Amino acid sequence: MLSYLIQNTFNALQWGSFYSMIALGYCLVYGVLRLINFAHGDIFMTSCYIAFFVVTGITAHIAGISGPALFALTLIITMALTALLGVGMERIAYRPLREKGANRLYVVITALMLGFILENGNLALLGASSRRFPDILPKIIWKLGPVTVTNLKVLVIASSIVVFAFLQFIVQRTVLGMSMRAISYDKFAIPLMGIPVNAVITFTFILGSALAAVAGILFGLSYQVMDPYMGMIIGWKAFIAAVVGGIGDIKGAFLGGFMLGFIEIFVTAFFPSSYKDLVSFVILLVILTVKPTGFFGVARSTKI
Amino acid sequence: MYITAGIPATVCRIRPGGQGNIIGGAFMTNLKKKLLVPGITAAVMLIAVLLACFGIINDYIQTIIMTVCINIIMASSLNIVNGYMGEFSCGHAGFMAVGAYVSSVLSLILFCPDNSITHYALLPPELSVLLFPLIILAGGLASMLASLIVAIPSFKTRDDYLAIITIAANYIITTALNNIPAVGASRGLMGMTGITDAMSAIVPIPWVFLWSMIFAALTILMIHRLMSSTLGKGISAIRYDEISAEIMSVDTNNMKLIAFTFSSGLAGIAGGLFAHELGFINPASFGILKSTESLVMVYLGGMGSLSGSVLSATVFTCLLEIMRPLQIFKWVIIPLMLILIMQFRPEGLMGARELTSVFPKLRKIFPDRVLEQKPRKLAAGGVK
């Protein structure tokens, strides 16, 4: 029983890591722009596909490349390409709306539609057959008594923590992070202080999309299956995790992701798996009803 | 930006010309005017049903018209919350699911002899014609109850957090339905055509087609009446500024409750019609995608414009039908179009305006209800 619990704790940590990494991307963009970037889940999906094509491309051209080298190369190229995608979306769709001073909801709808384009464009171009992500890292299994841990699981959990620490450092300790926080504090006064708002926002999108790329590659490695709609469900749920943590707060998004991971894995461990969504969403609803701003969110004061 | 709608509109629409029409008009012309729109609507429905009976409108066109009607109900009811009240609800399809399931189960156990729940019909088929609208309304009522899971948190929670609650509500409803074996779980529920067959056996006209049109017309009428009443003004006051509205003695919690329950009730009616149009429902057809479709229609038409919602529901449904041969590319082109609309006409087709303000002549047929108010006389000196 105990080993079952520990085994599931590891699974939950792995599953929660994905939610956390995606939730952090939502949180970054939301924290700066007050924009729910609904396309973020689909950026994650696209990054998984990009990684797939990068891996097949590299293995076709460079024969006999070692696993870790292939992984590192894929990671860098995928992060760059995904960041390009995110920035492109920002430049083409969000920035013009922002400069027109459009209502916040219109930007949200645009994000939603961009997500649809990514999903269905993928389906239209690549077809409905689901692809299998290649194993690029050699698999190592550690047995700790009855509990088995793979190197991939450790890699996923470790990278989510590293990513969190990195973001926390950037947002709290660097000038760039300070200007990000400043923009979310007052969008109109900040340009007057000589802060290049658009550059900072572009940087935010680069960070967020690169994060999604990390999650995308690791997801492909961990679960192998890819399909065009996988980003939608994970994206919505990661967003929910970010909100439960208190959206706009990096610590909140990180912990919220893990919380959702734990709820889902442990519900599946003890109940039929079809109850997974039901239980996690009911818990979410209760949390938001009792504490409307999430665990770490701070209620914004409203001016009359 | 929103100054043209809502409370300020009360002031700008009371014009001497408009007043003269009503005060100066004889009683008979007033009555005629009142009967004109219902008369035309009834005539159109009658003609449509007759054409359908004689096979001039084939089943395909009928299905499209039914879908348009259902989408009109969905879009204009979502517009109450997302447009007039200014919240961001993205779980409208969940309430549609509740209505669809409740009315399907009712019609199955009452009128379908070989259903999967009771295996015999409780009532004689002769009653089906009378009870069909009541069954649909019962679905609406159930959705109203279900909407409390969103309405009650909305008292304290706002904005993005409320949006999450609505998404969660949608997921909760569909996954709950997925876990109830009595209603078929994920396989879905079918056989609702039993009640339509029973009705056609008595009077051979396309009943669901007729009722879709009637419910769509009633929805438009009800929303129009609601939004031009004091209650409706209270709902749109929340959009402008909730705190100020509360200071001005608007009971915001009550308004939110009314807006959410009314809007979901209408969605439930749409769900009931949808179930009886197709004869088959499953939880997957009421997912977040369906909710997004309604959202698209609302924002395409313009937030806070009833005629905009009606127009966009019609345009959107027809567009989907026209693009059917494109298959999956349809879902690339439609979002792309919407993005372009957001870029170049972010307020949607109509903005917050109604058709009557674009074509003022239409006021003769559709008088603004605001005009019927007695002009208020300002006290000497007035308020400065």
Task: Test: residue in region B:371-384 that is in a helix (DSSP H, G or I) and modelled with pLDDT under 65 - done: yes
TODO: Could you grab me the full set of residues in region A:63-98 that are away from chain B (no Cβ under 14 Å) and closer than 30 Å to B:Ile341 by Cβ?
DONE: A:Leu81, A:Thr82, A:Ala83, A:Leu84, A:Leu85, A:Gly86, A:Val87
- [ ] Of all residues in region A:107-120, count the ones that are free of Cβ contacts under 8 Å to residues at least 24 places away in the same chain and either under 16 Å from A:Gly86 (Cβ atoms) or touching a Lys or Arg at 6+ places or on another chain (Cβ under 9 Å) (or both).
- [x] 3
Open item on the list: Please go through (1) on the phi > 0 side of the Ramachandran plot; (2) facing another protein chain (nearest Cβ under 8 Å) for A:Leu112 and return the number of the only condition it doesn't satisfy.
Closed with: (1)
TODO: Go through region A:271-295 residue by residue and tally those that are farther than 21 Å from A:Asn8 by Cα, at the interface with another protein chain (Cβ under 7 Å from one of its Cβ atoms) and loosely packed, with under 15 Cβ neighbours inside 10 Å.
DONE: 0
Open item on the list: Quick check on region A:75-91. Is at least one of its residues free of Cβ contacts under 8 Å to residues at least 60 places away in the same chain, of a type outside the set (Val, Ile, Thr) and farther than 24 Å from A:Gly177 by Cα?
Closed with: no
- [ ] Please state which of the following conditions A:Phe133 fails to meet, knowing it meets all the rest: (1) within 22 Å of the chain's Cα centre (by Cα); (2) of a type in the set (Phe, Trp, Tyr); (3) within 14 Å of chain B (Cβ to nearest Cβ).
- [x] (3)
- [ ] Of the conditions (1) more than 14 Å from chain B (Cβ to nearest Cβ); (2) within 30 Å of B:Met342 (Cβ to Cβ); (3) of a type outside the set (D, E, K, R), A:Ala51 clears all except one; give me its number.
- [x] (2)
Task: Filter result for the condition that a residue is among the hydrophobic types (A, V, I, L, M, F, W, C), farther than 21 Å from B:Asn115 by Cα, buried (at least 18 other Cβ atoms within 10 Å of the Cβ) and more than 14 Å from every other protein chain (Cβ to nearest Cβ), over B:Met222, B:Met192, B:Met213 - done: B:Met213
Open item on the list: Let me confirm something: among A:Leu97, A:Leu118, A:Leu105, A:Leu84, which residue is within 18 Å of the chain's Cα centre (by Cα) and crowded, with 18+ Cβ neighbours inside 10 Å?
Closed with: A:Leu118
TODO: Confirm whether A:Ile217 is surrounded by 23 or more Cβ atoms within 10 Å (Cβ to Cβ), within 25 Å of A:Leu118 (Cα to Cα), among the β-branched types (Val, Ile, Thr) and more than 13 Å from chain B (Cβ to nearest Cβ).
DONE: yes
Open item on the list: Quick test of your reading of the structure: A:Asp135 fulfils all but one of (1) of a type in the set (Asp, Glu); (2) more than 26 Å from A:Cys27 (Cβ to Cβ); (3) assigned to a helix (DSSP H, G or I). Name the failing condition by number.
Closed with: (3)
TODO: Working only within region A:184-205, note down all residues that are of a type in the set (Ser, Thr, Tyr) and without any contact (Cβ under 8 Å) to a residue 24 or more places away in the chain.
DONE: A:Tyr185
TODO: Looking only at region B:176-189, count how many residues are within 7 Å of another protein chain (Cβ to nearest Cβ) and either without any contact (Cβ under 8 Å) to a residue 24 or more places away in the chain or within 23 Å of the chain's Cα centre (by Cα) (or both).
DONE: 2
- [ ] Determine whether A:Asp227 is more than 9 Å from every other protein chain (Cβ to nearest Cβ), surrounded by fewer than 24 Cβ atoms within 10 Å (Cβ to Cβ), over 13 Å from the mean Cα position of the chain (by Cα) and over 19 Å from A:Leu85 (Cβ atoms).
- [x] no
- [ ] Could you please let me know if B:Ile173 is within 14 Å of chain A (Cβ to nearest Cβ), closer than 16 Å to B:Ile281 by Cβ and surrounded by 20 or more Cβ atoms within 10 Å (Cβ to Cβ)?
- [x] yes
- [ ] Please enumerate the residues belonging to region B:272-295 that are in contact with a strand residue (DSSP E or B) (Cβ under 8 Å, 6 or more places away or on another chain) and of a type in the set (Gly, Ala, Ser).
- [x] B:Ala275, B:Gly279
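The values are calculated or read from the model by the stated rules, or taken from the named source; none is laboratory data. A quick note: this is a predicted structure, and the numbers were derived from the prediction, not measured. Positions of Cβ are generated from backbone atoms using ideal geometry, with glycine treated the same way; all protein chains shown enter the neighbour counts.
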